[in-house]
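Below is one structure, written out as structure tokens; comments come after it.
Any read-out appearing in this document is the output of simple, stated calculations on the displayed coordinates, not a laboratory observation. The structure displayed is predicted, hence computed values, not measured ones. Don't worry about glycine lacking a Cβ; one is built from the backbone with ideal geometry, like all the others, and counts go over all protein chains shown.
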Amino acid sequence: MARARVGLCIALAAVASALVTAPAATAADAVVLVSGFTSSNPFTTAASECAGMEGEAWTTAAPTLKAAGLTVFTAPEGPGGAPPAPCSGGGPLPPSDAFIDTSGDLDTNGRALARFLAFLRDAYGVTSVQFVGHSDGGLWSRSAIAQADAYAGVRVLSLNTVASPHTGSFVADAAMLARSVDCVVPDRRTAQACRSLTAAARLITSLGGPTAIAELTYTYMGTWGARQPFGGCPVTVLDGTAFSVPGPVSQVPRYYNPSDGVVGQASALAQPSRSQAGGLIPAPGFQRVIVGGTYDAVHTGILSFAGQPTELSLQPLADRLLTAVRDGAQSTATCNGAPTPGNANEPVKYGLALRTVRASSRSGRLPPKPAGDILSGPRGMQAGCGARSMIGDDPPGIPQFIIAPIGRCTRSIKVTGGTALLLRRDPRRHVDLTADGRRITIKMTGRPVDSFEVEMGTGRGGKLSWRRLHVDDRGRARLPRGGPYAIVRVIARAEGEQVRYASAVLAT
């Protein structure tokens, strides 16, 4: 009998030891948190010792979700694919090919995230997940959903995004346009202001990574999104609106305004809008979109010029994510299910603005202008149309520089606090661009030009170099192979007029 008790004690001790060393986060259903570009977050599980170690992005959302009893994993990510040290609670660690490079290519990161789901399936028994993505994290989640073969057996029940640029970021658009404009102009003041803008554009590119910034343009997102299969699961979208530029929506569309400083409202809420050239920016092909809420917050701490909170720091936003995840758990349709037949793989058409550069005079004046221009300059600069501000009290941009879409002004614009540069839209001409895979068609519309050229840009060290593409007599050109995207610019010339530029980044 004593020997039996000893055996029982040994058996109980073995069970207790197994319970201590077993992965605490093992569960069939899981929430996966994916933060955005340039962020750094470790791999963490729901183990109690990982509480508070989920990374700076998730200090509010992660404890809120975990307190509700949900099994939460954070995806390992960092610039260059180097995440911080993980916390697994004694469980397995993901392989390095499941690490996300937060300054890298969208679909490459989608593949890494798909491998991460396969790892969760194999190592933790996960059979269903819900994504919560901030910024680019929502796009990487979309890409992973489209690569479902990599994690067969795992159902994706919902996609929940905070300020994800589903149709692009106007700051990325402006940065790529600024990098496409040549600053060789007769007026010395304009040339100097132009060089300041291109320097700011290179700074934005260096902060976010050249690939990430190029792939955040609305032209790239449109061509990329047209190829992304997506099922009928619920997609809950939330956005920040700390910045607002004065002007009616007819002049400053919701793709630009209001915004969280990086992503405009229409893009974050996965809604259609229009570009400043008047062309349609289509919504992504989601079947069930739920607008989760709008919050007076900025995209990231670097944009908090006046002390505004960041989106992910807000408890009400975290509470709304919890509601979305609870509702998503009841979904019968999956994100990675068969998509509804639509227009996937059909040509994508854009109307692009032709732009010139124009600096304010020494007296601080810009001439009257139509709607659809972009105004830039040093932070602290103000621009007014009579008594009305054109850019608001705290316009969007980066800490050093303003990049703001502005509406119409029928009188001269008064500029104070620095030299303003106007990326002026030509109201009499624009470019119609049709992208069909690697084949593009360019058509100039409106007032005739003497000639136009189409060039493709390649970049190293923050600079772009250009080579001319052959365009046939029907305006057709073929993009060379290589890389996930192509940067295209159109240069239009007319006698006695300043050179005009249009640009687009296209998924190839």
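Below, the figures for the structure above:
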read-out	value
For region 397-508: relative contact order, % (alpha-carbon pairs under 8 angstrom, 6 or more apart)	21 percent
Cβ-Cβ FRET estimate between D97 and T323, R0 fixed at 56 Å, reported to 0.05	0.95
Computed over the chain: relative contact order in percent, which uses C-alpha pairs under 8 Å that are six or more apart	13 percent
Cβ charges +1 (Lys, Arg) and -1 (Asp, Glu), total dipole of the chain, debye	1640 debye
Sequence of L280, L33, L352 once ranked by neighbouring C-beta atoms within 10 Å, starting from the fewest	L280, L352, L33
Gyration tensor (alpha-carbon) shape descriptor, region 242-334, a/c threshold 1.5	oblate
Residues listed by number, region 173-204, amide nitrogen under 12 Å from E453 label point at 7 Å toward C-beta	182
Proximal aspartates and glutamates to K66, defined as alpha-carbon separation beneath 14 angstrom and excluding residues fewer than eight positions away on the same chain	D29, E49, E54, D319
Spatially proximal aspartates and glutamates relative to K443 (Cα-Cα < 13 Å; intrachain offsets below 8 disregarded)	D432, E453, D472, D473
The chain, helix-only ellipticity at 222 nm - DSSP H runs n ≥ 4, -39,500 (n - 2.57), divided by all residues, nearest 500	-7500 deg cm²/dmol
Mean separation of Cα contacts under 8 Å, 6 or more apart, over the residue count of region 368-439: relative contact order %	43 percent
Chain lengthening between L280 and A387 when straightened (0.36 nm per residue, less Cα-Cα)	35.3 nm
Unit charges on C-beta of K, R, D, E only; dipole of region 336-433, Debye	620 debye
Percent of alpha-carbon pairs separated by more than 17 Å within region 246-289	29 percent
Tensor-based shape of region 76-128 (alpha-carbon gyration tensor, a/c under 1.5 rounded, otherwise prolate or oblate)	oblate
Exposure proxy order (Cβ contacts within 10 Å, fewest to most) of L157, L139	L157, L139
Extended-chain gain in nm, criterion 0.36 nm per residue less alpha-carbon gap, R379 and D436	16.5 nm
Among (i) 20.8; (ii) 40.6; (iii) 25.6, the entry that matches mean projected area of the Cα convex hull in nm² as calculated here	(iii)
Quotient of C-alpha Rg and 2.2 N^0.38 Å, computed over region 47-100	1.14
Theoretical gain in end-to-end length, E497 to S361 [0.36 nm per residue, Cα-Cα removed]	47.1 nm
In nm, spacing of pseudo-spin labels at A28 and S250 (7 Å Cα→C-beta vector)	5.6 nm
Cα-based shape type of region 398-508, given that a ≥ b ≥ c are square roots of the gyration tensor eigenvalues and the cut on a/c is 1.5	oblate
At 0.890 mPa s and 25 °C, Stokes D of region 100-158 from Kirkwood alpha-carbon radius, µm² per second	218 µm²/s
